[in-house]
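Enquirer: The structure under discussion is supplied below as structure tokens; questions concerning it will follow.
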Amino acid sequence: MATQALTVVNNKSGQATEAVYEHPYIVRLCHWINTVALFVLIGSGLQIFRAFPSFGPKIPQHNLINWPKSLALGGWLGGALQWHLTFMWIYIATGLLYLGYQIFSGHYKQILFTPRDVPGVWPMARYYFFFGAKPPAKEPYNALQKHAYTTVMVLGVLSVLTGLAIWKPVQFSWLAWMMGGFHLARLWHFIIMWAIVAFIFGHLVMVVLHGWNNFVSMLTGWKKDPEYISK
Amino acid sequence: MNETIDQRKFKSITRRELLKLTPALALGAFAIPPFQRRLLKAGLGFSDWASAALFRTHHPAPTFADSELTPFSKFPINDYDVDDPGVDFEKWNLTVTGAVQKPGDYTLAQIQNLPKKTQNTRHVCVEGWDVIGRFAGARLSDFLKLIGADTTARFVMVECADDYYESVDMQTALHPQTLLCYEMYDQPLTREHGAPLRLTIPTKIGYKQAKYLTDLKVANVLPKVGYWEDQGYSYFYGL
């Protein structure tokens, strides 16, 4: 993985800043398409859920949650299904493009959580949650970030597999069987959705905390003044 | 050692990289109403195409043991207007038209004379619930043979006593588990469940399994597709 880096010199002050090309084009493109796709899939999924907001038998029906219509997309079940069945293809296509790119470019080494990263978990968790000292940053992603991104990729794959099990319980009956049956597949699909929502929440908090340069890097690919480059 | 460039040059590099993301803006078309309708229709069409491609004529839907059946009293009754359209059983028959050699009216006895198939299969509703029921009836494929249907035609369409209508692709119509169902749970079909005759298609979503059948037509072109489909639901919706 050859990381490109530049030294940017301000014409007026003459001050030099390091810049690193952190996010390749395919990664950024997939990130933003996926942002839209996830928004649509979650919104329309919740509208679909409103049609039968339960996981038990239909009779007697116990509504688990009365999810508000204003926080759902599609207006009615048929409309929500149109959104869901359209964007699932966009989601799958970008997912395959993204994973394929990560694997073949070797870029995955930057974010894949491996046993090597285990020792870094606790110091980082202490820093984030228990006011511990900040461990020195040596690479673009710290152990917890790698853990989060690796987990969400697995969740992404599982969201597709559970979705296929619900959509095609006959053609993919083995998938539903692997998930403990059609009922559980629907429940897994729902739980995985909330896990992804939890990731998105944490992700957005970190984006705000890490500031503008970090955010811009997902648009342009270039991160100015990354903290892991020693000055 | 890094290459050194000035601020302005760096800006032009990052601007170019940013512009490369513009294809993602195409998704914005989904926010523009006239495009939105067409795009979602195309998306649903693509899903239906993929569904048809995934459908395997000889792959059976899972079947279940009697102990796994949902009790009959807990088998939901879904309709779009009335539970009982008031079919007169004495006068009832199934009117067959279209691409068939022997069109005309068929009695329930004629259908019941065909080999009877009983199956415990899952009924999945588009709303998200499902039940395992016990259904018995004649294979639609046997009935199509009886009426001399042209099985190279694309669709089998049914119309119902309550003005509901549905259609299925010929592949699904010929599937060995697709039944003209006249019994549920070893009892004659009750009125709420579609007496005297309904469709049972364990490879399809619930709304395609029409109740209170009155007419059956084999055709290549459909004047209308299905009650819910014509309001925006998926046509194929194979499970």
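The values are calculated or read from the model by the stated rules, or taken from the named source; none is laboratory data. Because the structure is a prediction, the values reported are computed rather than measured. All Cβ positions, glycine included, derive from the backbone under ideal geometry; neighbour counts span all protein chains shown. Surface accessibility is based on the protein's heavy atoms, side chains included, excluding ligands, DNA and RNA. Shrake-Rupley method; radii C 1.70, N 1.55, O 1.52, S 1.80 Å.
Enquirer: Of the residues in region B:82-113, how many are in contact (Cβ under 8 Å) with a residue 12 or more places away in the chain and acidic (Asp, Glu)?
Expert: Total satisfying the criteria: 3.
Enquirer: Pick from region A:191-231 the residues that are surrounded by fewer than 17 Cβ atoms within 10 Å (Cβ to Cβ) and polar (S, T, N, Q): which of them is farthest from the other protein chains (Cβ to nearest Cβ)?
Expert: Only one residue tops the list, namely A:Ser230.
Enquirer: Mind listing whichever residues of region B:61-75 are surrounded by 10 or more Cβ atoms within 10 Å (Cβ to Cβ) and closer than 19 Å to B:Thr203 by Cα? Outline the logic, then answer.
Expert: First pass over region B:61-75, keeping only residues surrounded by 10 or more Cβ atoms within 10 Å (Cβ to Cβ): B:61-64, B:68-72, B:74-75.
Result: B:Ala61, B:Pro62, B:Thr63, B:Phe64, B:Glu68, B:Leu69, B:Thr70, B:Phe75.
Enquirer: May I pose another question? Can you tell me which residues in region A:171-187 are open to solvent by less than 50 Å² (accessible area, probe 1.4 Å) and in a helix (DSSP H, G or I)?
Expert: Those that are open to solvent by less than 50 Å² (accessible area, probe 1.4 Å) and in a helix (DSSP H, G or I): A:Ser173, A:Leu175, A:Ala176, A:Phe182, A:Ala185, A:Arg186.
Enquirer: Okay, moving on. Out of B:Leu54, B:Leu27, B:Leu19, B:Leu44, which single residue is within 30 Å of A:His23 (Cβ to Cβ) and either more than 7 Å from every other protein chain (Cβ to nearest Cβ) or in contact (Cβ under 8 Å) with a residue 24 or more places away in the chain (or both)?
Expert: B:Leu19
Enquirer: Between residues in region A:4-18 that are more than 8 Å from chain B (Cβ to nearest Cβ) and residues that are of a type in the set (Lys, Arg) and in a strand (DSSP E or B), which pairs lie under 9 Å by C-beta distance while being six or more apart or on different chains?
Expert: From residues that are more than 8 Å from chain B (Cβ to nearest Cβ), the pairs are A:Thr17/A:Lys224.
Enquirer: Could you check region B:103-218 for strands (runs of 3 or more DSSP E) lying wholly inside it with 1 or more residues that are under 20 Å from B:Tyr237 (Cβ atoms), among the aliphatic types (A, V, I, L, M) and open to solvent by less than 10 Å² (accessible area, probe 1.4 Å)? If you could, list the steps in order and put the result at the bottom.
Expert: On the way: elements: B:104-106, B:116-124, B:130-139, B:155-160, B:165-169, B:179-184, B:198-200.
Strands (runs of 3 or more DSSP E) meeting the threshold: B:116-124, B:130-139, B:155-160, B:165-169, B:179-184, B:198-200.
Enquirer: Now, a different point. Condition first: touching a helix residue (DSSP H, G or I) at 6+ places or on another chain (Cβ under 8 Å), of a type outside the set (S, T, N, Q) and at the interface with chain B (Cβ under 10 Å from one of its Cβ atoms). Now tell me which residues in region A:169-187 satisfy that.
Expert: A:Pro169, A:Phe172, A:Ala176, A:Phe182, A:Arg186
Enquirer: Of the residues A:Arg50, A:Arg28, only one is out of contact with any strand residue (DSSP E or B) (no Cβ under 8 Å at 6 or more places or on another chain), within 29 Å of A:Gly221 (Cβ to Cβ) and within 12 Å of chain B (Cβ to nearest Cβ); which?
Expert: Values: A:Arg50 fails: within 29 Å of A:Gly221 (Cβ to Cβ).
That would be A:Arg28, the only listed residue that is out of contact with any strand residue (DSSP E or B) (no Cβ under 8 Å at 6 or more places or on another chain), within 29 Å of A:Gly221 (Cβ to Cβ) and within 12 Å of chain B (Cβ to nearest Cβ).
Enquirer: Can you name the condition, by its number, that B:Lys224 falls short on among (1) free of Cβ contacts under 8 Å to residues at least 60 places away in the same chain; (2) surrounded by fewer than 24 Cβ atoms within 10 Å (Cβ to Cβ); (3) within 23 Å of B:Phe135 (Cβ to Cβ)?
Expert: Every listed condition holds for B:Lys224 apart from (3).
Enquirer: Okay, next question. Kindly provide the set of residues from region B:152-168 that are modelled with pLDDT of 95 or more and either over 16 Å from B:Asp230 (Cβ atoms) or over 18 Å from the mean Cα position of the chain (by Cα) (or both), ordered by number.
Expert: B:Thr152, B:Ala153, B:Arg154, B:Val156
Okay, residues lined up against (1) within 14 Å of chain B (Cβ to nearest Cβ); (2) open to solvent by 40 Å² or more (accessible area, probe 1.4 Å); (3) at pLDDT 85 or above:
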residue	(1), (2), (3)
A:Leu155	no, no, yes
A:Leu161	no, yes, yes
A:Trp167	yes, no, yes
A:His189	yes, yes, yes
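Enquirer: Do you know which of the residues in region A:93-124 that are aliphatic (A, V, I, L, M) and open to solvent by less than 40 Å² (accessible area, probe 1.4 Å) is nearest to B:Pro23 (Cα to Cα)?
Expert: Just the residues of region A:93-124 that are aliphatic (A, V, I, L, M), to begin with: A:93, A:96-97, A:99, A:103, A:111-112, A:118, A:121, A:124.
Imposing the further condition that a residue be open to solvent by less than 40 Å² (accessible area, probe 1.4 Å) reduces the set to A:111, A:124.
On the way: A:Ile111: 25, A:Met124: 37 Å.
Out of the qualifying residues, it is A:Ile111.
Enquirer: Report the residue count in region A:116-162 for those that are closer than 25 Å to A:Trp89 by Cβ and of a type in the set (S, T, N, Q).
Expert: Step one: list which residues in region A:116-162 are closer than 25 Å to A:Trp89 by Cβ, which gives A:149-162.
Next, from what is left, pick out any that are of a type in the set (S, T, N, Q): A:150-151, A:159, A:162.
Residues flagged as closer than 25 Å to A:Trp89 by Cβ and of a type in the set (S, T, N, Q) within region A:116-162 amount to 4.
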